[in-house]
1. For region 64-78, which positions are within 15 Å of residue 121 (Cα to Cα) and in contact (Cβ under 8 Å) with a residue 60 or more places away in the chain?
2. Only one of (1) over 16 Å from residue 97 (Cα atoms); (2) modelled with pLDDT of 95 or more; (3) surrounded by fewer than 20 Cβ atoms within 10 Å (Cβ to Cβ) fails for residue 173. Which number is that?
3. Select from region 46-61 the residues that are in contact with a helix residue (DSSP H, G or I) (Cβ under 9 Å, 6 or more places away or on another chain), surrounded by fewer than 17 Cβ atoms within 10 Å (Cβ to Cβ) and in a helix (DSSP H, G or I) and list them in ascending order.
4. With respect to residue 86, determine if the residue is surrounded by fewer than 18 Cβ atoms within 10 Å (Cβ to Cβ) and not in a strand (DSSP E or B).
5. For region 4-37, give me each residue that is out of contact with any strand residue (DSSP E or B) (no Cβ under 9 Å at 6 or more places or on another chain), over 24 Å from residue 132 (Cβ atoms) and not in a helix (DSSP H, G or I).
6. Using the structure shown, decide if residue 99 is buried (at least 16 other Cβ atoms within 10 Å of the Cβ) and not in a strand (DSSP E or B).
7. Hey, can you tell me all the residues within region 106-129 that are surrounded by fewer than 23 Cβ atoms within 10 Å (Cβ to Cβ), without any contact (Cβ under 8 Å) to a residue 60 or more places away in the chain, touching a helix residue (DSSP H, G or I) at 6+ places or on another chain (Cβ under 9 Å) and under 21 Å from residue 46 (Cα atoms)?
8. Mind checking whether some residue in region 196-204 is in a helix (DSSP H, G or I), in contact with a helix residue (DSSP H, G or I) (Cβ under 8 Å, 6 or more places away or on another chain), at pLDDT below 80 and surrounded by 11 or more Cβ atoms within 10 Å (Cβ to Cβ)?
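The values are calculated or read from the model by the stated rules, or taken from the named source; none is laboratory data. For clarity, every value in this text was computed on a predicted model and none was experimentally measured. Every residue, glycine as well, gets a Cβ built from its backbone with ideal geometry; the counts of neighbours run over all protein chains shown.
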């Protein structure tokens, strides 16, 4: 028998999944009225347009928004080649969706399909336009398409338990929250104040980098980070 005392629970995560077996009207009614339903309705009023597919143009628009988002979070972006490889290897199981305001891309998501499940993998936006509900419209369109394709589940992905903003965003879609437990061996050393300070400094540096340097940093680091 394994000695579980030698293991320690690592960083905590939540997994959110949305059951798609109900009708669309019922799914919509379970959304948070102010933060989801009204945002979707505002996107319609603002005449946001939506495009979806796997073209190089959509990928370029998505990556530009991703770069903005990763900079806000103080982390380097995944390499563009990573997303090209996803499209090449997974084909029609990958879908990029872009919302635009007056022709300007304001939000984007990338989803994958696995069997009867639609998986939300990446999302990004131009925060100056977040009030128009672009991200909410894209999620709703993804749900509508999943229902058309007779999928049964929308996997919203895992979230760091400490990321209360992201956890709350997913809760508001009426999704079921499940705690994910990972055991780590050997027991990790306690993080020192020095390590925490270095992480904070790194975020500030990444947030200030010019685009070219930030993307180059991502290409280097993700070879080791996965």
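1. Selection gives 65, 70, 77, 78.
2. In the conditions (1) over 16 Å from residue 97 (Cα atoms); (2) modelled with pLDDT of 95 or more; (3) surrounded by fewer than 20 Cβ atoms within 10 Å (Cβ to Cβ), residue 173 misses (3) alone.
3. Within region 46-61, 56, 60 meet the criteria.
4. Values: surrounded by fewer than 18 Cβ atoms within 10 Å (Cβ to Cβ): no; not in a strand (DSSP E or B): yes.
Answer is no for this residue.
5. Across region 4-37, the qualifying residues are 22, 23.
6. Working: buried (at least 16 other Cβ atoms within 10 Å of the Cβ): yes; not in a strand (DSSP E or B): no.
So residue 99 fails the test.
7. 123, 127
8. Yes, region 196-204 has at least one match.
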